[in-house]
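Here is the structure we will look at, set down as structure tokens.
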Amino acid sequence: MKQLFVLGLASLLVACGGKEEPKVTDSTSNTPPAATAPMDKAALSEQAKNAIKTYGGSLKAELQTAMQSGGPINAISACQLKAPEIAKTVSDGEKLQVSRVSLRNRNPVTGVPNEWQTQVLNDFEARKVKGEALESLVYSELVENAGKQEFRFMKAIPTEAMCLTCHGSEVSPAVMTRLKELYPQDKATGFKEGDLRGAFVVVKNLP
Ligand code: HEC
């Protein structure tokens, strides 16, 4: 698992090395150079997708290992401890911020979406209803924030069968008790396989 993670990070670094971001220097023009903007966005999206792949892959591996070695109660603690740790490692390595949010969140601090993230999550739900596959739902935007460019990226997280032990509608009493101890305001149960569980978020501040 560790090896995979390191490999993932290495390929991230390779993927992002040597590319200079073209700067918009003409402050008198209202329209950014059309030729460079989409290319930047594509490269940034690629970087965001890679960061999410590393983060998501490591999380899942941690979860599976913890479930196998000590069952779901043990895995709850592993998830609580490891999720922020892995997020920080990937974020620092990539100079961006990666996280997970949900409209029905478990972690009352890190899991809560802000305004634009809430809009995107609602949009993902609407696109799902219209028949789009959850696996392919992404959002990306370059915005101006306090005079600086900010790249925003989100990717939908589908609920899989293995998630139901801790996020489903028939969570065992023992798991429920542990979850209530750690997360008294938990909103993240009652999901079915194929539901939108939430989304990965990547935010990158551009120089
Ligand atoms: C062993 C129990 C367990 C399993 C299985 C599990 N989770 Fe979680 N999940 C948790 C815990 C605990 C947290 C809170 C972590 C934290 O405090 O950061 C969480 C948080 C999350 C969050 C962050 C947003 C929020 O609600 O706070 C997402 C998204 C998520 N889980 C998705 C999944 C998906 C998708 C799966 C299946 C692939 C899954 N989980 C399987 C226990 C579990």
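The values are calculated or read from the model by the stated rules, or taken from the named source; none is laboratory data. Worth saying up front: this structure is predicted, and the values here are computed from it rather than measured. A quick note on method: Cβ atoms are made from the backbone with ideal geometry, for glycine too, and the neighbour counts reach across all protein chains shown.
Is it fair to say Glu170 is on the phi < 0 side of the Ramachandran plot and assigned to a helix (DSSP H, G or I)? No, not satisfied. Please indicate, with yes or no, whether at least one residue in region 176-183 is part of a strand (DSSP E or B) and either away from the ligand (no atom under 14 Å from the Cβ) or surrounded by 13 or more Cβ atoms within 10 Å (Cβ to Cβ) (or both). Taking every residue of region 176-183 in turn, none turns out to be part of a strand (DSSP E or B) and either away from the ligand (no atom under 14 Å from the Cβ) or surrounded by 13 or more Cβ atoms within 10 Å (Cβ to Cβ) (or both). Checked against (1) within 12 Å of the ligand (Cβ to nearest atom); (2) farther than 30 Å from Asn50 by Cβ; (3) among the acidic types (Asp, Glu), Asp195 meets all criteria but (2). For region 184-207, a tally of residues being part of a loop (DSSP other than H, G, I, E, B) and either in contact (Cβ under 8 Å) with a residue 12 or more places away in the chain or among the aliphatic types (A, V, I, L, M) (or both) returns 13.
Among residues of region 110-148 being within 15 Å of the chain's Cα centre (by Cα) and exposed (fewer than 12 other Cβ atoms within 10 Å of the Cβ), the one that is farthest from the ligand (Cβ to nearest atom) is Ser136. Of the residues making up region 71-109, those that are hydroxyl-bearing (Ser, Thr, Tyr) and at pLDDT 95 or above are Thr89, Ser91, Ser99, Ser102. Looking at region 48-97 only, could you name the residues that are part of a helix (DSSP H, G or I), touching a Ser or Thr at 6+ places or on another chain (Cβ under 9 Å) and within 22 Å of Ser140 (Cβ to Cβ)? Once the filter is applied, which keeps residues that are part of a helix (DSSP H, G or I), touching a Ser or Thr at 6+ places or on another chain (Cβ under 9 Å) and within 22 Å of Ser140 (Cβ to Cβ), region 48-97 yields Ala48, Asn50, Ala51, Thr54, Tyr55, Ala87, Val90, Ser91, Gly93, Glu94. The single residue among Ala146, Ala156, Ala174, Ala161 that is of a type in the set (A, V, I, L, M) and under 18 Å from Val101 (Cα atoms) turns out to be Ala156. For region 149-162, check the following and say yes or no: at least one residue is of a type outside the set (Val, Ile, Thr), in a helix (DSSP H, G or I) and more than 11 Å from the ligand (Cβ to nearest atom). Scanning region 149-162, I find no residue that is of a type outside the set (Val, Ile, Thr), in a helix (DSSP H, G or I) and more than 11 Å from the ligand (Cβ to nearest atom), so the answer is no. Residues considered: Arg104, Arg100. Of these, the only one that is in contact with a Phe, Trp or Tyr (Cβ under 9 Å, 6 or more places away or on another chain), closer than 24 Å to Ala83 by Cβ, in a loop (DSSP other than H, G, I, E, B) and among the charged types (D, E, K, R) is Arg104.
The set of residues in region 45-85 being small (Gly, Ala, Ser), in contact with a helix residue (DSSP H, G or I) (Cβ under 6 Å, 6 or more places away or on another chain) and either free of Cβ contacts under 8 Å to residues at least 12 places away in the same chain or more than 8 Å from the ligand (Cβ to nearest atom) (or both) consists of Ala51, Ser58. Number of residues in region 119-144 that are hydrophobic (A, V, I, L, M, F, W, C), without any contact (Cβ under 8 Å) to a residue 12 or more places away in the chain and outside any loop (DSSP other than H, G, I, E, B) equals 3.
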